[in-house]
Amino acid sequence: MADICTQGLDTGFVGLGYAKVAFLGVVQGITELLPISSTAHMRIVPAVLGWQDPGSAFSAAMQLAALAAVVSYFWSDVRDILFGSLDALTRRDFADRHFRLAQWIVLATIPIVIAGVALSGALNACNSALRSLSVIGWACIGMAILLALAEMLARHRRTVGEASMADALLVGLAQVGALIPGVSRSGSTLTAALGLGFKRAEAARFSFLLGLPAIALAGLKELWELHKVHLDAHGWSVLAVGLVLASISAFFAIWGLMSILERFSAWPFVIYRGVLGVVLLVAVALGWLA
């Protein structure tokens with residue numbers, strides 16, 4: 001089935017219908033917050049099932065599902081940062097730890113906002129070369145190597161309470177890598193935080209908190225883009241089904257990720273990413289996947 005484009009915006013999800021988008025919403029929710037690349041799975045699963053690509057607009061809009069899951073799971077942290085910062089402002093206590101963390105979250109968001117705006121045309125275009133399975137395969141392998149190095153070489157001792165502005169900026173810069181399909185926002189930021197010496201679960205917590213504005217902006221921007229191209233009521237309803245199911249599955253994905261990192265390590269994700277990347281490249285080379 002051919003991709004569906006609306007005024008140059010990839011809206012292939014509309015043609016998939018409710019049942020297929022519901023299934024892809026669950027897949028998106030699970031893979032969005034695990035360091036295994038949701039974009040890779042949004043290309044692979046439809047290709048294997050013979051469905052059309054749901055499009056980059058679907059993946060970007062699903063960021064709002066990830067946002068709901070992260071805020072829900074880390075609500076105590078989000079609440080403390082939000083209300084602690086407001087309280088610090090009223091007291092003019094600019095050294096308050098909540099206020100400083102809020103500042104760092106804003107700082108960490110700047111690089112991906114600049115890069116996202118600069119690359120938006122290429123990322124959201126119909127049949128974008130950046131969403132090719134070969135690019136995704138190599139990105140999966142590259143991130144598997146970097147995550148493995150972080151696991152082997154990092155100290156795994158630091159907590160979020162010991163974080164600095166430099167840490168926030170470096171994780172924010174790593175977040176830019178998420179714009180490349182196959183890299184994964186969770187994967188790039190978790191790898192950076194591990195490399196900076198954070199404990200595994202603390203690295204995930206730090207990366208999720210720093211990524212909140214970027215996740216929200218990406219999702220809201222895509223909703224605005226869909227509004228501008230006059231997506232019809234049917235399209236919005238299909239998207240809504242995907243968002244609801246993605247939110248639920250994303251919450252359980254965070255729970256699973258934190259449990260694995262607290263009890264084990266990031267090696268299961270390293271192995272999964274590496275195998276996935278190799279299988280993708282072989283499948284493309286042999287013509288099994290277009």
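Values for this structure:
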{"quantity": "Flag if A163 is surrounded by 13 or more Cβ atoms within 10 Å (Cβ to Cβ), in contact (Cβ under 8 Å) with a residue 60 or more places away in the chain and under 30 Å from V241 (Cβ atoms)", "calculated": "no"}
{"quantity": "Flag for S207 being touching a Leu at 6+ places or on another chain (Cβ under 9 Å) and either under 21 Å from A108 (Cα atoms) or among the hydroxyl-bearing types (S, T, Y) (or both)", "calculated": "yes"}
{"quantity": "Selection count, segment 58-78, where residues are farther than 19 Å from A102 by Cα and in contact with a Phe, Trp or Tyr (Cβ under 7 Å, 6 or more places away or on another chain)", "calculated": "2"}
{"quantity": "Total residues in segment 81-115, condition within 18 Å of D167 (Cβ to Cβ), in a helix (DSSP H, G or I) and of a type outside the set (V, I, T)", "calculated": "11"}
{"quantity": "Residue list for segment 211-224, filter: over 21 Å from G29 (Cβ atoms) and buried (at least 17 other Cβ atoms within 10 Å of the Cβ)", "calculated": "none"}
{"quantity": "Failed criterion for A47 (all others in (1) of a type outside the set (D, E); (2) in a loop (DSSP other than H, G, I, E, B); (3) in contact with a Leu (Cβ under 7 Å, 6 or more places away or on another chain); (4) surrounded by fewer than 20 Cβ atoms within 10 Å (Cβ to Cβ) hold)", "calculated": "(2)"}
{"quantity": "Scope segment 164-187; condition among the hydroxyl-bearing types (S, T, Y) and within 13 Å of L34 (Cβ to Cβ); matching residues", "calculated": "S184, S186"}
{"quantity": "Sole residue being on the phi < 0 side of the Ramachandran plot and either among the polar types (S, T, N, Q) or without any contact (Cβ under 8 Å) to a residue 60 or more places away in the chain (or both), chosen from G195, G137", "calculated": "G195"}
{"quantity": "Qualifying residue in segment 2-10 (condition: within 22 Å of the chain's Cα centre (by Cα), crowded, with 24+ Cβ neighbours inside 10 Å, at pLDDT below 90 and of a type outside the set (S, T, N, Q))", "calculated": "yes"}
{"quantity": "Options F208, F269: the member that is under 16 Å from the mean Cα position of the chain (by Cα), over 22 Å from V78 (Cβ atoms) and crowded, with 19+ Cβ neighbours inside 10 Å", "calculated": "F269"}
{"quantity": "Candidates V278, V238 - the one that is surrounded by fewer than 17 Cβ atoms within 10 Å (Cβ to Cβ), touching a Gly at 6+ places or on another chain (Cβ under 8 Å) and over 28 Å from P111 (Cα atoms)", "calculated": "V278"}
{"quantity": "Residue ranges of helices (runs of 4 or more DSSP H) in segment 130-239 with at least 1 members basic (K, R)", "calculated": "185-195, 200-228"}
{"quantity": "Residue selected from segment 25-71 under the condition more than 16 Å from the chain's Cα centre (by Cα) and in contact (Cβ under 8 Å) with a residue 40 or more places away in the chain, by the criterion nearest to G277 (Cα to Cα)", "calculated": "I44"}
{"quantity": "Enumeration of residues in segment 21-40 that are assigned to a helix (DSSP H, G or I), modelled with pLDDT under 90 and either among the β-branched types (V, I, T) or within 17 Å of V284 (Cβ to Cβ) (or both)", "calculated": "T39, A40"}
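The values are calculated or read from the model by the stated rules, or taken from the named source; none is laboratory data. Bear in mind the structure is a predicted one, so any value in this text is a computation, not a measurement. All Cβ positions, even for glycine, are placed from backbone atoms using ideal geometry, and neighbour counts span all protein chains on display.
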